[in-house]
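Single-structure report; data block below.
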Amino acid sequence: MIEVKQSAGDEWVVSVKSTVTTHHRVRVTKKDVERLAEGRPLEELLQESFRFLLEREPNTSILPSFDLPVIGRYFPEYEREIRTRLQRAH
């Protein structure tokens, strides 16, 4: 289960409940939302981004704190894939 809560300003806390529960601080700027979410809610962008990550690694391997675009450094297909997923959910 993926739970998203705003912390302060651009910072969000994403909790992933699995065998081990993990908490991640994620910074998402307005520019990130405009570029990646294309009108979808920010919470949806974060949930889908974590689903994307969990398909590739366990929650215990996800960085404890990062800026959302960092995902693209580890997984070059991230931005293209996340836009496609969010459009499908529309």
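Laboratory data are not the source of any read-out in this text; all were calculated from the coordinates shown. Remember, predicted model here, so these are calculated numbers, not experimental data. Glycine also receives a Cβ, built like all others from the backbone with ideal geometry; neighbour counts cover every protein chain displayed.
Of note:
- From the list GLU34, GLU3, GLU38, the one residue that fits, being under 14 Å from ARG85 (Cα atoms) and either touching a strand residue (DSSP E or B) at 6+ places or on another chain (Cβ under 9 Å) or among the charged types (D, E, K, R) (or both), is GLU38.
- Restricting attention to the range 40-90, the residues that are of a type in the set (Val, Ile, Thr) and over 15 Å from VAL28 (Cα atoms) add up to 3.
- Scope the range 53-79; condition in contact (Cβ under 8 Å) with a residue 40 or more places away in the chain and among the polar types (S, T, N, Q); matching residues: ASN59, THR60, SER65
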